[in-house]
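These notes concern the structure reproduced below.
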Amino acid sequence: MDRVFNFAAGPSMMPLSVLEKAQKEMLSYEGSGMNVMEMTHRGSLYLSIFDKTERLFRELAGLDDSYAVLFLQGGATGQFAATAMNLSALGNCAGYLDSGNFAHIAMNEAAKYTQVACLASTRDINYRSVPVLPEGSIRPGMSYVYMTTNNTIFGTRYSRIPDTGDTVLVADMSSNIFSEVYDFTRFGAVIAGAQKNIGPAGLTIVVVRRSLLGHALEITPQIMDWSIMDKKGSMLNTPPTYAIYMAGLCLEWLKDNGGISEIEKINIQKSALLYDVIDSADFYRGAADPSSRSRMNVTFFTRDADTDAKFVREAAESGLVNIKGHRLVNGLRASIYNAMPIEGVERLCDFMRKFEKENR
Ligand SMILES: *Cc1c(COP(=O)(O)O)cnc(C)c1O
């Protein structure tokens, strides 16, 4: 069976060795005669998987017990509301950096539960670059400032984390968590869907400073209350058991490959290869402003929409699939998360040069 190089924005490619390990353990996990998805989440066998996954996550992120690491469901989208429900009572207004479609949705979702202020936006230029936090825009009494570290649809990334002083900083890291080194202690909370860099869909990760817990709005559903979920070890109800197991295998893979600082080097190299091809000829045009370019989602165009469509078609015939851009940008998007090997990116670069020659 030939595998393709899958450039999908999420769910996305998984490391081959992880899939093989899961396959090997499919019928009987460590001699139990059961697959992980058949196990009770309260049993010691499953709990050892859960604990190992949390331990690996904490080790890779560099987090001690002053932070809770929660394994939840409902996606990053569920956490857009949960963020406001759990943290808005820390102040009178939440500040948002409107850097992309997901940030915009998060801001609108939060507005159902708290006063929000848009601190900066690049919506008027279709999010081609990330908006910087304007000096003096954080008002006294703000509950938190919210940002999206990598904007999946537009292919942009914050190269510097804004300084919010004493005000709590919250980040949606769904599309670049563990792809580069972050000092997690700079954030009061981090939310991330797992399906881009951590594992399969179905698992949502929340990292939150424990000193911020205990302020959830009264209307907060139990499963969205970070404080309750922390007390219950993410097991108020049935957690996404299999997705957590798979995430554990992915984190083990990441650790075995040198951890985040090593994968970051490879990610820089991978994205540079693609941007070099885009910049080296008139034929391709990057969608994002060079100052804000993402290392995870490389967005670009050929000459016109018909040629873009032809590119997508012919790339797929060469085993390079899911390169069509999001409808808010159109054009092309190559998502190159941690599990995309450098050979996949090299293959895409070769294809781009060939396609250019044939269609110039
Ligand atoms: C994919 C993505 C989301 C949405 O995640 P779901 O898990 O589908 O809710 C939110 N924010 C960012 C930055 C994303 O890339």
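The values are calculated or read from the model by the stated rules, or taken from the named source; none is laboratory data. Note that the structure is a prediction, hence the values are computed from the model and not measured. All Cβ positions, even for glycine, are placed from backbone atoms using ideal geometry, and neighbour counts span all protein chains on display. Only protein heavy atoms, including side chains, enter the accessible area calculation; ligands, DNA and RNA are left aside. Shrake-Rupley method; radii C 1.70, N 1.55, O 1.52, S 1.80 Å.
Quick notes on this structure:
- Residues that are farther than 26 Å from Ser211 by Cα, more than 10 Å from the ligand (Cβ to nearest atom) and touching a helix residue (DSSP H, G or I) at 6+ places or on another chain (Cβ under 7 Å) within the range 143-172 comprise Thr156, Arg157, listed in sequence order.
- For Lys354, the conditions (1) in contact with a Gly (Cβ under 6 Å, 6 or more places away or on another chain); (2) free of Cβ contacts under 8 Å to residues at least 12 places away in the same chain are fulfilled apart from (1).
- The range 326-351 - residue that is within 13 Å of Thr302 (Cβ to Cβ) and free of Cβ contacts under 8 Å to residues at least 40 places away in the same chain and, of those, most open to solvent (accessible area, probe 1.4 Å): Asn330
- Of the residues making up the range 186-197, those that are in contact (Cβ under 8 Å) with a residue 40 or more places away in the chain and away from the ligand (no atom under 11 Å from the Cβ) are Gly188, Ala189.
- For the range 310-338, the candidate set comprises residues that are part of a loop (DSSP other than H, G, I, E, B), of a type in the set (A, V, I, L, M, F, W, C) and touching a strand residue (DSSP E or B) at 6+ places or on another chain (Cβ under 9 Å); within that set, the residue that is modelled with the lowest pLDDT is Val329.
- Asp51 meets the conditions (1) open to solvent by less than 60 Å² (accessible area, probe 1.4 Å); (2) over 22 Å from Leu133 (Cα atoms); (3) more than 16 Å from the chain's Cα centre (by Cα) in every case but one. The failed one is (1).
- Restricting the range 70-95 to residues that are away from the ligand (no atom under 16 Å from the Cβ) and surrounded by fewer than 20 Cβ atoms within 10 Å (Cβ to Cβ), the residue that is nearest to Tyr182 (Cα to Cα) is Leu90.
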